Amino acid sequence: MKEKKISQYALIKKYNVSPAQITRLKRNESVSTHTIEMFCRILDCEVGDIMRYVQDEEL
């Protein structure tokens, strides 16, 4: 978001992103593939730019 100079306010007001979706991403909580796709489209980026896979230690 910093690189693209898009604020949380803009995501909410201009792109109609739910504040809860932003919070879930910031807290590293589960989000839907639709949400990931929406952020990639808005930020014009790849999935790997906004998230990464971390394997559970229990496996």
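Restricting attention to the range 19-36, report how many residues are modelled with pLDDT of 90 or more, touching a Lys or Arg at 6+ places or on another chain (Cβ under 9 Å) and exposed (fewer than 13 other Cβ atoms within 10 Å of the Cβ).
Total meeting the criteria: 0.
Take Y53 and decide whether it is modelled with pLDDT of 90 or more and of a type in the set (F, W, Y).
Criteria not met by Y53.
Name the single residue, out of those in the range 6-24 being in a loop (DSSP other than H, G, I, E, B) and of a type in the set (S, T, Y), that is nearest to M38 (Cα to Cα).
Y15
Those residues that are assigned to a helix (DSSP H, G or I) and not aliphatic (A, V, I, L, M), I need them from the range 25-48; list them, please.
Once the filter is applied, which keeps residues that are assigned to a helix (DSSP H, G or I) and not aliphatic (A, V, I, L, M), the range 25-48 yields K26, T33, H34, T35, E37, F39, C40, R41, G48.
From (1) touching a residue at least 24 places away in the same chain (Cβ under 8 Å); (2) closer than 17 Å to Y53 by Cα; (3) of a type outside the set (D, E), pick out the condition that doesn't hold for I36.
The number of the failed condition is (1).
Please count how many residues of the range 49-59 are more than 11 Å from the chain's Cα centre (by Cα) and either surrounded by 10 or more Cβ atoms within 10 Å (Cβ to Cβ) or not β-branched (V, I, T) (or both).
7
The values are calculated or read from the model by the stated rules, or taken from the named source; none is laboratory data. Values in this document were obtained by computation on a predicted structure and should not be read as measured data. We place every Cβ from the backbone using ideal geometry, glycine too, and count neighbours over all the protein chains shown.
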